[in-house]
Amino acid sequence: MGLQVQVLNADTSREIDAAFATLARERSDALFVDANPFFISRRVQLVNLASRLAVPAIYFDRAFAEIGGLMSYGASLTDAYRQVGVYTGAHPQGRQARRPAGRAVDASSSWSSITKTARMLGLTVPPTLLARADEVIE
């Protein structure tokens, strides 16, 4: 596809600012923010900087899309925790649990949220992508 990937790391707010300065200087076409607990705590900063640079960004958690991030994609932690409850509740108390290999395991479903930010960035979201989204946040 001829794409060039650049990995930028950040562990502080200053490093996030520096990473976005690099994105601006390099005129990056898009941004993917990987799963990191620190990034959840800095989500407002990340979404604001991406918006300011008009860089389409995909985030790992719905919380980013809720505050104006373009899109989130990843496993739903709520669904994963629910599945753990179903799995453990399936074992009757007082009896020996079946071996794990004997239990069916469901893969955590992926979900995506797309926001009106796409319109602000001048992006056209294909109807096929909108149809696959679990939720469209307006």
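Coordinate-derived values only; no laboratory data. All values reported here derive from a predicted model rather than from experimental measurement. Cβ: placed from backbone, ideal geometry, glycine included. Neighbour counts: every protein chain shown.
Legend: ranking of residues Thr12, Thr128 from fewest to most surrounding C-beta atoms inside 10 Å; resulting order Thr128, Thr12. Note on Glu66 and Thr124: their simple-model spin labels are 3.3 nm apart, each label 7 Å out from Cα toward Cβ.
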